[in-house]
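Data block below; observations after.
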């Protein structure tokens, strides 16, 4: 009996302690998913600042690359995502939207682009306007891959990200795969550094990239977007099937399908349905949140160049210098935020 | 020197004060006037935002100037490294794989002093790398090539520095903090600038290996030479050996087991770095691990991780066995057993 009693006492104590802590913070909580590129960081920074300081919730932020963060989101560990590159993840998201476990919450930035880019100097010197032009004789030699001199190097997306496989399929469909390597830069920072390094040395750059990004906002980076066949929903759908198949089973299962340009898409937000039901006020804020592209570019420049990558300082700078956020939140929440600036 | 040390401390103090003033003046978050600092003491509570050395700005400006001015030199270095990388890699990839295994087995056999057990173990491990996944074979060769070139660079630069440190205490005091810095600074701090100087791929990885894995070699070379018996040196001196003869004839041969240990450590650390370098587009076994990680494929990343372990075992056993062989040669087995005298 004494043994049981000894066992019970600490157990009850721990239980009380844990209840006590959950009670204290039971008002609300949000677990945000953040990704390893800078526009996602900025949106996450602002949203988490508002939720924490304005609504007074417990906020947790997890940062990682697409696959693990999305897996945690589908699993229910992460509740809010403030920047979703939805069109890259069509097949992955479909079942979850269908069964109602996650909900659309509108756009965070109206316009974004992802495409293949060439630096302006090279593009103008050789008349490169579309992906077809990249096949002209001698062009690949401008971008010669130092480690595989028989081909040019197209610095691609990061392997493991869906866009890497999409680019793989695109290069094949466009007939560029025999002339260019689909080069994996390994990480987002390395991709940026490769482009910046090309410009710093005045070397030709041929790369996959996207906007809005702080790099694209820099004055010295000037790239031309290569034209591709116009976006077509049916074509994209067919390609997505092949892409998901390759991601699951390796490049051997590649089958010729179709390819077209990335849709200039709105970046969207999404939340988990159970979390939204439990936190209607915060959910309404997430749904209302939206920034003009112009503001995002300014924010990115501030985030990278001025704040030195300080997410909180960027959020505070935004909240101090803009007013549109007042419409997203109730007035008492806005007052709470004002008090912390 | 002692005489001036008092003034030297004074100089440091002045530099420190200047830094504080500069950081205050350049800060955007300073109060409206200096007087506020005395009336409003709230800055003593939290570390004040204006107390921020603009180190970041200095580094960025310096870096821009540096990469513009000396970019060409780094292009040349990069080209030389890339050539040697491509030559070795293409040679090994083109060779039939059984031949490569035989070659490594032969190297192991002779470097280990004809130890059959070690040799067979190494051959088996090497076979298993391809056995885990045939795709790994070429990738392991890419990784090994990068590691080998990195180590070669370390040996060429590291051993002379180690010797210089062992000979002169001032040199040692100057270099030790640099070694600490090289070992501890997070690798992305130099890998990302490496991309800007050398482009994506193998070359920044080789530079990364050099920075990360050279320090143990330098330290062990230094230690090995300093540990050589004073009496042996005195004996050499009494035979009239000059400095050069002493170094090549006595100190280096006797320090060789330690130096080999340094090369062994260097190899292991190089292998660790090559995996991290996959995040800057270096091909090899590391990118298999990274891919598995990014696709949440536990099986494939562990498989690739095991291949790296096997590669590490192969490289470790070869260098280790060679070191042991040297040790046996330089320090003949003691035949006289010590007799414990009990008091």
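The values are calculated or read from the model by the stated rules, or taken from the named source; none is laboratory data. The shown structure was predicted, so the numbers you read here are calculated from the model rather than taken from an experiment. For neighbour counting, all protein chains shown are included, and Cβ atoms are generated from backbone atoms with ideal geometry for every residue, glycine included.
Would it be correct to say that residue A:104 is assigned by TED's automatic domain parsing to the domain that holds residue A:231, in contact with a helix residue (DSSP H, G or I) (Cβ under 8 Å, 6 or more places away or on another chain) and either at pLDDT below 90 or under 28 Å from residue A:155 (Cβ atoms) (or both)?
On the way: assigned by TED's automatic domain parsing to the domain that holds residue A:231: no; in contact with a helix residue (DSSP H, G or I) (Cβ under 8 Å, 6 or more places away or on another chain): yes; either at pLDDT below 90 or under 28 Å from residue A:155 (Cβ atoms) (or both): yes.
No: the conditions fail for residue A:104.
Somewhere in segment A:227-236, is a residue assigned to a helix (DSSP H, G or I) and within 11 Å of chain B (Cβ to nearest Cβ)?
No.
Exactly one of these conditions fails for residue A:124: (1) out of contact with any helix residue (DSSP H, G or I) (no Cβ under 7 Å at 6 or more places or on another chain); (2) under 24 Å from residue A:185 (Cβ atoms); (3) at pLDDT 90 or above; (4) assigned by TED's automatic domain parsing to the domain that holds residue A:192. Give me its number.
Residue A:124 satisfies all of (1) out of contact with any helix residue (DSSP H, G or I) (no Cβ under 7 Å at 6 or more places or on another chain); (2) under 24 Å from residue A:185 (Cβ atoms); (3) at pLDDT 90 or above; (4) assigned by TED's automatic domain parsing to the domain that holds residue A:192 except (2).
Can you tell me which of B:41, B:103 is over 26 Å from the mean Cα position of the chain (by Cα) and within 30 Å of residue B:127 (Cβ to Cβ)?
B:103
Look through segment A:83-94, keep the residues that are over 11 Å from residue A:270 (Cα atoms) and in contact with a helix residue (DSSP H, G or I) (Cβ under 9 Å, 6 or more places away or on another chain), and return whichever of them is surrounded by the most Cβ atoms within 10 Å (Cβ to Cβ).
A:88
Listed here are the residues, each with its yes/no results for (1) within 14 Å of chain A (Cβ to nearest Cβ); (2) buried (at least 23 other Cβ atoms within 10 Å of the Cβ).
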position: B:150; (1), (2): no, yes
position: B:170; (1), (2): no, no
position: B:174; (1), (2): no, no
position: B:184; (1), (2): no, no
position: B:197; (1), (2): yes, yes
position: B:255; (1), (2): no, yes
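Inspect all residues belonging to segment B:108-119 and state whether any of them is under 30 Å from residue B:83 (Cβ atoms), surrounded by fewer than 18 Cβ atoms within 10 Å (Cβ to Cβ) and more than 26 Å from the chain's Cα centre (by Cα).
yes
Could you pull out the residue among B:34, B:53 that is touching a residue at least 12 places away in the same chain (Cβ under 8 Å) and under 30 Å from residue A:312 (Cβ atoms)?
Details: B:34 fails: touching a residue at least 12 places away in the same chain (Cβ under 8 Å).
Only one candidate qualifies: B:53.
What's the number of the condition residue A:172 fails, among (1) in a loop (DSSP other than H, G, I, E, B); (2) away from every other protein chain (no Cβ under 12 Å); (3) over 23 Å from the mean Cα position of the chain (by Cα)?
All conditions pass for residue A:172, except number (1).
Restricting the search to segment B:277-311, which residues are at positive phi and more than 10 Å from chain A (Cβ to nearest Cβ)?
As a first pass, look at segment B:277-311 and keep what is at positive phi: B:281, B:284, B:296.
Of everything in segment B:277-311, just one residue is at positive phi and more than 10 Å from chain A (Cβ to nearest Cβ), namely B:284.
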